Amino acid sequence: MVDRVPATLLAALTDLVEWLESTNIPSMVIGGVAASLLGRPRLTQDVDALAILAEGEWPDAVSAAASHGISPRIESPLDFARHSRVLLLRHVKSGIDIDVIFGGLMFEQAAIDNSKIYDIGGLRLRLPRVEDLVVMKAVARRPKDLHDIEGLLAAHPEADVATVRQWVGEFAAAMSMPDMLEDFDKLVARSKCQP
């Protein structure tokens, strides 16, 4: 796993983890980094983290991030976060962008509760269960997310696809996007046909 993480990315991840742990923010790394470590390696230009934190605590969290070399990358980052629930940051030393998604859904809390710690080059990195990451990727639905799902399912044939399908179905219904579930079913069927 370690050979999949460039030194600059590992530096950004280290400072991100130290910041989140020092402030006791329940969180985990998701997105391309998690997909690359748990599934098929791919190039990723940024770091995504899911965190559970009340809005009133966001300003203190941003202030604490600065002492770990992580700064906002836009003006008025808290205003942006209030509208999007995404805090746009940058790891100053490496120049790597960090997006912290403030979760609030039952699924997001459960995903953090079920996350696991992996040793990545001496860094204790909290990553989601494969099933939870597949749900997040199925909801995002970009071509790279669908590619990540294929890699995750190939690397983890034991994954509980029925549970993933149930969550994807719930998101598809809540978002009035039935094709989300159809796309997921096609992907799973295709992955079962491949050797």
Consider residue 85 carefully, then state whether it is within 18 Å of residue 30 (Cβ to Cβ), without any contact (Cβ under 8 Å) to a residue 40 or more places away in the chain and in contact with a Ser or Thr (Cβ under 9 Å, 6 or more places away or on another chain). no
Does residue 49 fit the bill of being of a type in the set (Gly, Ala, Ser), surrounded by 14 or more Cβ atoms within 10 Å (Cβ to Cβ) and closer than 22 Å to residue 110 by Cα? yes
Can you give me the number of residues within segment 1-39 that are within 12 Å of the chain's Cα centre (by Cα) and outside any strand (DSSP E or B)? 8
Take the residues in segment 54-93 that are assigned to a loop (DSSP other than H, G, I, E, B) and of a type in the set (D, E, K, R); name whichever of them is surrounded by the most Cβ atoms within 10 Å (Cβ to Cβ). 73
List every residue pair whose Cβ atoms lie under 8 Å apart, where the two residues are 6 or more positions apart in sequence or sit on different chains, the first residue falls within segment 115-131 and is without any contact (Cβ under 8 Å) to a residue 12 or more places away in the chain, and the second residue, located anywhere, is in a strand (DSSP E or B) and not hydrophobic (A, V, I, L, M, F, W, C). 117/124; 117/126
Residues that are in a loop (DSSP other than H, G, I, E, B) and in contact with a Phe, Trp or Tyr (Cβ under 9 Å, 6 or more places away or on another chain), drawn from segment 40-53: 52, 53
Looking at residue 160 and the list (1) of a type outside the set (Val, Ile, Thr); (2) farther than 22 Å from residue 37 by Cα; (3) at pLDDT 95 or above; (4) surrounded by fewer than 16 Cβ atoms within 10 Å (Cβ to Cβ), which single condition is not satisfied? (2)
Looking at segment 75-93 only, could you name the residues that are under 26 Å from residue 105 (Cα atoms) and touching a strand residue (DSSP E or B) at 6+ places or on another chain (Cβ under 7 Å)? 77, 80, 81, 85, 86, 87, 88, 89, 90
Among the residues that make up segment 170-187, is at least one of them over 24 Å from residue 105 (Cα atoms) and outside the structural domain of residue 50 (by TED's automatic domain parsing)? yes
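The values are calculated or read from the model by the stated rules, or taken from the named source; none is laboratory data. Computed from a predicted structure; not experimentally measured. No Cβ is skipped: glycine too gets one built from the backbone with ideal geometry, and neighbour counts run over all protein chains shown.
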